[in-house]
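Have a look at the structure below, then the notes.
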Amino acid sequence: GDGDLPSATTPPDSDPTGRRRVHSMLKLYYGLNEEGTAAEQAESLDPCDINGPHFDPEVYLNKLRKDCSLCELMDHESCMVKQIRSLDSDMQTLVYENYNKFISATDTIRKMKNDFKKMEDEMDCLSANMAAITEFSARISGTLQDQHAQITKLSGVHTLLRKLQFLFELPARLNKCLELQAYAQAVSAHRRARCVLQQYSHMPSFRGIQDDCHVIMEQLAQQLRQKFRDGGSSAKDLSECVELLLQLDEPAEELCDKFLSHAQSRLEADLQGLEAELKDSAFTDTGGGSVQKTSPGSNPISPSSSSVINPFLSPTAGTDILEFIDRGCNEFVSSLCLVIASYQELFINRPQEGELASKNIPEMANGKLHVFVDTLAARYFSLVERRIQEEKGVGDNSLLVRALDRFHRRLQAITKLLPGSAVPSHGTEIVVRAARERIKQYLSALQTFYHDSLTDVRQALAAPRLAVGGASASGGGVTSKDATPSLPELLTSLSNFILNQLKSVLASVHLFTAKDITFSNKPYFKGEFCSQGVREGLVVSFIKFICQSSRQYCESAGDRGGSTPPALLLLLSRLCLDYETSTISYILTLTDEQFLVQHHTPVTPVTALCAEAREAAQKLLNHYVKVQGLIISQMLRKSVETRDWVNTIEPRNVRAVMKRVVEDTTSIDVQVGLLYEEGVRKAHSSDSSKRTFSVYSSSRQQIRYAPSYTPSAPMDTNLLSNIHKLFSERIDIFSPVEFNKVSVLTGIIKISLKTFLECVRIRTFGRYGLQQIQVDCHYLQMYLWRFVSDENLVHFLLDEIVGSAAHRCLDPSPMEQSVIEVICERG
Amino acid sequence: MEDDAPVIYGLEFQARALTAQTAETDAIRFVVGTQSLKFDNQIHIIDFDDENNMINKSVLLHDAGEIWHISGSPADKAVLTTCYSKTSESRVLTCAAVWRMPPEWESGSHESPDDSSNNPQTLELLCHLDNTTHGSVACVLWEPMGDGKRVISLAENHVLLWDLQESSTKATISSSATLEGKGQLKFTAGKWSPHHNSTQLATANDTAIRGWDLRSMSQIYCIESAHGQLVRDLDFNPNKQYYLASCGDDCKVKFWDVRHINEPVKCLEEHSHWVWSVRYNHSHDQLLLTGSSDSRVILSNMVSISSEPFGHLVDDDELSDNEESQQEDKGKEPLRDSIIATYEEHEDSVYAVEWSAADPWLFASLSYDGRLVINRVPRALKYRILL
């Protein structure tokens, strides 16, 4: 049975498991527990395991003997022997190795034992030495104690003495500083000593020093003040000066006041210079240079002031507003800015230290500065405003705008320097006021221009009217208008003049809103100036003015008997009508485009203006009709009133006044035709004059007169005329006319003939008187029908005239129609 | 309430002269004088029966000539003056005379109205206002509210003050004044002021209005160029002594305060032709009547320059509490100067308008074609003025 256990009998060195087993066994021996203890315990319980701890040789042998054959036993035995041998050799190797290590360790320990002993001896020696040193040191300190205390005391005395020396020397030192003008040193020295002196002032010696110092410092302060007052030193010096004075407990308020009053005198000199420029006449007499000369050129605050103020150089004669403003800016404003800057440097922006901080100087100083600036600026502004008010000429606006721009621009510096100041906004207000004033001036200039233009037109009209009269008197009937400008030309030129003038004014006013002008982006100039100022105040007002003045022509002339030439009325009427149709909207569009008017406030609409213009045109034309009608009426009235109609001779020709009436009507027709369109008239036959006249005079007239010879029926004439009136429309004599020639002429002829009628009715006629009226009316009939819109109107009125004359006739025997025609055609 | 329709009366002849019978305060009566060169002229006495809206007429013959102006005595309703033209030796002259209406005219007309035209009675001539030395007479004016013994005639450029004596059968010139100046000056119209004890007269010549003091017969004021053209008529405000209305060929009616003559107080321009006649209502001087040759009669309400600018003030005592007075104010508010009505019944020029002497709400207008129209103030306005 040996063959059953080949694995268990495997020699330990031949396979790793065997080696391992050896290793673990060694570990076991040395009490080291390893990882696989449980497994070993499991197999170790087996008494047949030769490597287990519970190996029982008896059991093992019995088992071998039972299980194995002899051969196997033999083999097993030899294997066992081999294993035992190898184990023995292993054991020997191990023992040998470990033994060497034990030997060397033992050696080392022995050596260490010897070294430590030596070291212990040395340590003992050291501690002994240290004890000796400590003892010595203590002894030395003990001996030096007294001397040290003495030295400390001496050193204290020394310091005190030095301080005392400083104090004693202080007056001399201060004096020296004063001599050398080393004010800063003096002040700092004094400052150091001041408290001590104050503290020990009860001791006479110190008191003496203190008094001396006081005197010297007073002197020093005096000098500083003097220096400050002179203001001759540089800004840095001045600043130092102020600082020193402040440190010397000089009241800051007083300093501010002094500084400002000093600056004020200089600025006032500037202002007086400006004022002197304003009143040129008084300037040379007063020669007010004394004040100005107080500021020498060395003054850093107003470096330019000296050069300008020369009372004998009269600047007023030719200075324009730009120069004036320039001067104001360069002198006053820049000086003011410098004053503000240096003042702020001195009093407001300085770092505050020590007790000075508590006094709150900047606030006080700032308040003072504002009052100061406001007062002076107010004076400056009043001067500038006075100068602006003197700017009456409206020729060149650019100068004023540039001047205002500069004025405004320079005030911005004050904004930067003095953020809370009201001065720049006041300046803007001045600019706004100036702009407003300017618009007013332009409006009145436009109005004057308009009046002047009208005077020119009036003069021009006076000449051609003679020419027209002469031409028509010579029998031409048509005007010769070569030499003098005709009505349309006058109208065009007047219209163009006005428009160009308005445009140039708009261009001038436009300068106020130019981009490079600083104030043009102020809200006023963006909004109100454009809409309320330019559009309403200038353009609309001007248009209204034109209408207004046109209406005045109608009213004033009505009572005074036509002081305005009728042609002017006609021309103005056309002008207003043109305005209504196109010009107004053109002008307003132009304005709106140029000024980009944003209408925040309600503005006059174009339609309202147009309505006004149309109303004015209508009024003027009505008035023209009235005036012309009255001129002809007067002729007719005079001719009827002055003649003795009872005792007149048999008519041989048409009276001259009738020819005159026709001539005048013709020239009025020409005149109106120059400006107004023809208009519509009712259709009439090619030879109206003949046809209608024959009806009117022969047939109707006969019927009309026939009954009146029979006394039995006096009603018939009235009846006939009343029947006639029933079928004709009522005629309004002074009624509004339309904007065309025919309507105008109809109006004039209506007025004239109605006057004729009324005049005839209050006269009494003889036989020839009536016949003369017949002839005259026939002549009028021949010529007047062509002018009116409805010829029946002329017929009717002439009919009435002849009828009334017949009624008013003592011996009504009418003239033969043929005779009348002959007389009329003879002319 | 509908206003009554106008009443129209047609004369056979053309006519310019119209007057209210000034002395008659009960009957509404107008007197019209005709203008005819060929026939005998007549004086039509037109009685208006307000209740029946009817007209009764009487015709008297005036054979002296065509009548240009007529005026009734303020004291005797039977006495009147006319200015008439007389042609002699190819010369036309306007004369003036005082007439008495025959005593039977009133009864006669009522008994047989149809006969009156066939067999008219004739006016009885009292006296001539002899003017041979002074030229044509434009008008004759009775002393307002006088005793019918004093008249003024305006002849060419003369103002003649007459005393009528012996029951108006004898007229003597008591004083006179002559307007001197360049050119041929001629009075066109005049009015005897009812104020200042009837010592003032206003006349019109050409475009000027002149005031005269009758005691000294001297000019007291002169409104040169009162109108643009001829001044046609004048009338004094019956209640405001310095106020005067005038009208003329410039189609305007102007109101003047004679103390400030540079500018008229007010100016109306409503007519479209010459205004020939202007009359203040005798009782309510805000009511103004104008007649024009545009054939229109216009009744205006000139509250602002009347003596009753705030309406009738009598009622104010009765108003005790505020409500009523507020109502009153509201009612008065629309009383602004305004045109009340334009009357278009005429078809020819209207040369004369007159208020009735008896009924302050009634007036007559006369156009050249002989049409007389009687109209009333609209009732609404009448009640507004009265209440």
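The values are calculated or read from the model by the stated rules, or taken from the named source; none is laboratory data. Keep in mind that this is a model prediction, so the values were computed, not measured. Don't worry about glycine lacking a Cβ; one is built from the backbone with ideal geometry, like all the others, and counts go over all protein chains shown. Just so you know, the surface numbers come from the protein's heavy atoms only, side chains and all, with ligands and any DNA or RNA stripped out. Shrake-Rupley method; radii C 1.70, N 1.55, O 1.52, S 1.80 Å.
Odds and ends about this structure:
- Residues in the stretch A:535-554 that are within 15 Å of A:Gln501 (Cβ to Cβ) and among the hydrophobic types (A, V, I, L, M, F, W, C): A:Leu538, A:Val539, A:Phe542, A:Ile543, A:Phe545, A:Ile546.
- Residue within the stretch A:527-541 that is farther than 21 Å from A:Thr591 by Cβ and open to solvent by 50 Å² or more (accessible area, probe 1.4 Å) present: no
- Identity of the residue in the stretch A:170-189, within 60 Å of the chain's Cα centre (by Cα) and of a type in the set (Gly, Ala, Ser), that ends up surrounded by the most Cβ atoms within 10 Å (Cβ to Cβ): A:Ala186
- Boolean, B:Lys57 is among the charged types (D, E, K, R) and either part of a strand (DSSP E or B) or within 19 Å of the chain's Cα centre (by Cα) (or both): yes
- Some residue of the stretch B:235-255 being among the small types (Gly, Ala, Ser) and open to solvent by 30 Å² or more (accessible area, probe 1.4 Å): no
- Condition check for B:Leu230: open to solvent by less than 10 Å² (accessible area, probe 1.4 Å) and under 20 Å from the mean Cα position of the chain (by Cα): no
- Per-region count, the stretch B:1-41, residues within 11 Å of chain A (Cβ to nearest Cβ) and surrounded by 18 or more Cβ atoms within 10 Å (Cβ to Cβ): 10
- In this structure, B:Thr172 does not qualify as in contact with a His (Cβ under 8 Å, 6 or more places away or on another chain) and open to solvent by 30 Å² or more (accessible area, probe 1.4 Å).
- For the stretch A:499-526, taking the residues that are in contact (Cβ under 8 Å) with a residue 60 or more places away in the chain and under 22 Å from A:Ala617 (Cβ atoms), the one that is least open to solvent (accessible area, probe 1.4 Å) is identified as A:Leu502.
- Among (1) open to solvent by less than 80 Å² (accessible area, probe 1.4 Å); (2) farther than 21 Å from A:Asp49 by Cα, the one test that A:Cys79 misses: (2)
- Residues that are closer than 14 Å to B:Leu268 by Cα and within 14 Å of another protein chain (Cβ to nearest Cβ) occur in the stretch B:228-238; there is at least one.
- Scope the stretch A:226-242; condition at pLDDT 70 or above and open to solvent by less than 40 Å² (accessible area, probe 1.4 Å); matching residues: A:Phe228, A:Leu238, A:Ser239, A:Cys241, A:Val242
- Filter result for A:Phe765 (within 14 Å of chain B (Cβ to nearest Cβ) and among the hydrophobic types (A, V, I, L, M, F, W, C)): yes
- Residue, surrounded by the fewest Cβ atoms within 10 Å (Cβ to Cβ), within the stretch B:352-383, restricted to residues that are away from chain A (no Cβ under 14 Å), of a type in the set (Gly, Ala, Ser) and not in a strand (DSSP E or B): B:Ala380
Quick grid of which residues meet (1) of a type in the set (A, V, I, L, M, F, W, C); (2) in contact with a Lys or Arg (Cβ under 6 Å, 6 or more places away or on another chain); (3) farther than 26 Å from A:Leu45 by Cα:
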residue: A:Asp56; (1), (2), (3): no, no, no
residue: A:Leu61; (1), (2), (3): yes, no, no
residue: A:Leu64; (1), (2), (3): yes, no, no
residue: A:Cys68; (1), (2), (3): yes, no, no
residue: A:Leu73; (1), (2), (3): yes, no, no
residue: A:Val81; (1), (2), (3): yes, no, no
residue: A:Asp88; (1), (2), (3): no, no, no
residue: A:Thr93; (1), (2), (3): no, no, yes
residue: A:Asn100; (1), (2), (3): no, no, yes
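- Highlighted here are the strands (runs of 3 or more DSSP E) found entirely within the stretch B:117-182 that include at least 1 residues which are in contact (Cβ under 8 Å) with a residue 40 or more places away in the chain and within 23 Å of B:Asp40 (Cα to Cα): B:124-128, B:137-142.
- Counting only residues that are more than 14 Å from chain A (Cβ to nearest Cβ) and outside any strand (DSSP E or B), the stretch B:336-351 holds 2 of them.
- B:Ile220 of a type in the set (Val, Ile, Thr), surrounded by fewer than 20 Cβ atoms within 10 Å (Cβ to Cβ) and at pLDDT 90 or above: yes
- Residues (surrounded by 10 or more Cβ atoms within 10 Å (Cβ to Cβ) and among the charged types (D, E, K, R)) located in the stretch A:57-76: A:Lys63, A:Arg65, A:Asp67, A:Glu72, A:Asp75
Conditions tested, residue by residue: (1) more than 39 Å from the chain's Cα centre (by Cα); (2) within 14 Å of chain B (Cβ to nearest Cβ); (3) within 20 Å of A:Leu461 (Cα to Cα); (4) modelled with pLDDT of 80 or more.
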{"site": "A:Phe545", "(1), (2), (3), (4)": "no, no, no, yes"}
{"site": "A:Ala557", "(1), (2), (3), (4)": "yes, yes, yes, no"}
{"site": "A:Ser585", "(1), (2), (3), (4)": "no, no, no, yes"}
{"site": "A:Thr591", "(1), (2), (3), (4)": "no, no, no, yes"}
{"site": "A:Leu596", "(1), (2), (3), (4)": "no, no, no, no"}
{"site": "A:His599", "(1), (2), (3), (4)": "no, no, no, no"}
{"site": "A:Ala611", "(1), (2), (3), (4)": "no, no, no, yes"}
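- The stretch B:264-279 - residue that is more than 10 Å from chain A (Cβ to nearest Cβ) and open to solvent by 10 Å² or more (accessible area, probe 1.4 Å) and, of those, nearest to the chain's Cα centre (by Cα): B:Arg279
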